[in-house]
Amino acid sequence: MSMGAQADWVDRIPHAGAMRLLDVVLAWNASTIHATGERHVLSDHPLRDDVVLHAVHLAEYGAQAAAVHGALLAASRDEARMRPGRLVSLRDVQLAVEYVDLSQGRLDVHAECLFADERGAQYTFKVEQCARLLASGRTAIMHTEA
């Protein structure tokens, strides 16, 4: 499935304002999502310092892709809202760069659901820029409401 800019998910995730890092969902299905973010180049980006975005912050992009995927799945099941979750673990995080090159354009964020049930979910993620892998890892999300 493909989805336009923030159409069915923007009000379903806890990330708001400048902390909503993803702009567009290009494609998703029952287990994967491909989203993009372009606001990392803005000087008021919440994870940037004055001139750079450290690659470690790309894990937040991966976690947000998992949240958006969960929101899209909930919407596809006609659930009124997505259960809130909390990022409880990052594992196997690999950073191919120290800093994101702000001049190279959008970030492509891919996430794949490895496991999900009523208690939470586990995802792998990777963040690319111009087809170059910048960061990858796994996230674990625990639902805060049953």
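The values are calculated or read from the model by the stated rules, or taken from the named source; none is laboratory data. Since the model is a prediction, treat every value here as computed from it, not as a measurement. Cβ sites come from the backbone with ideal geometry, for glycine too, and all protein chains shown count toward neighbours.
Within the range 25-48, the set of residues being out of contact with any Phe, Trp or Tyr (no Cβ under 8 Å at 6 or more places or on another chain), among the small types (G, A, S) and farther than 12 Å from A111 by Cβ comprises A30, S43. Quickly run through the range 71-127 and pick out the residues that are touching a Ser or Thr at 6+ places or on another chain (Cβ under 7 Å), among the acidic types (D, E) and closer than 25 Å to V52 by Cα. Scanning the range 71-127 gives a single hit, D108. Report yes if R138 is farther than 17 Å from G37 by Cβ, among the basic types (K, R) and out of contact with any Phe, Trp or Tyr (no Cβ under 9 Å at 6 or more places or on another chain), otherwise no. Criteria not met by R138.
Just to verify a result, which residue in the range 113-145, among those that are more than 21 Å from V56 (Cβ to Cβ) and in contact (Cβ under 8 Å) with a residue 60 or more places away in the chain, is farthest from the chain's Cα centre (by Cα)?
Among those that are more than 21 Å from V56 (Cβ to Cβ) and in contact (Cβ under 8 Å) with a residue 60 or more places away in the chain, it is E145.
The number of residues in the range 21-60 that are at pLDDT below 95, buried (at least 23 other Cβ atoms within 10 Å of the Cβ) and not in a strand (DSSP E or B) comes to 2.
The set of residues in the range 75-93 that are modelled with pLDDT of 80 or more and under 16 Å from the mean Cα position of the chain (by Cα) comprises G85, R86, L87, V88, S89, L90, R91, V93. With respect to the stated conditions, R91 fails to be on the phi < 0 side of the Ramachandran plot, surrounded by fewer than 16 Cβ atoms within 10 Å (Cβ to Cβ) and part of a loop (DSSP other than H, G, I, E, B). In contact with a Lys or Arg (Cβ under 6 Å, 6 or more places away or on another chain) and basic (K, R) - does that describe any residue in the range 103-113? Checking the range 103-113: not a single residue is in contact with a Lys or Arg (Cβ under 6 Å, 6 or more places away or on another chain) and basic (K, R). Residues that are surrounded by fewer than 16 Cβ atoms within 10 Å (Cβ to Cβ) and among the small types (G, A, S) were ranked within the range 99-112; the one that is nearest to Y61 (Cα to Cα) is G105.
For beta carbons closer than 8 Å, sequence separation of 6+ or different chains, a first residue in the range 58-75 that is of a type in the set (S, T, Y) and a second that is in a helix (DSSP H, G or I), there are no qualifying pairs. Check L133 against each of (1) closer than 14 Å to L22 by Cα; (2) part of a strand (DSSP E or B); (3) of a type outside the set (S, T, Y) and name the one condition it does not meet. Only one criterion in (1) closer than 14 Å to L22 by Cα; (2) part of a strand (DSSP E or B); (3) of a type outside the set (S, T, Y) is unmet by L133, namely (1).
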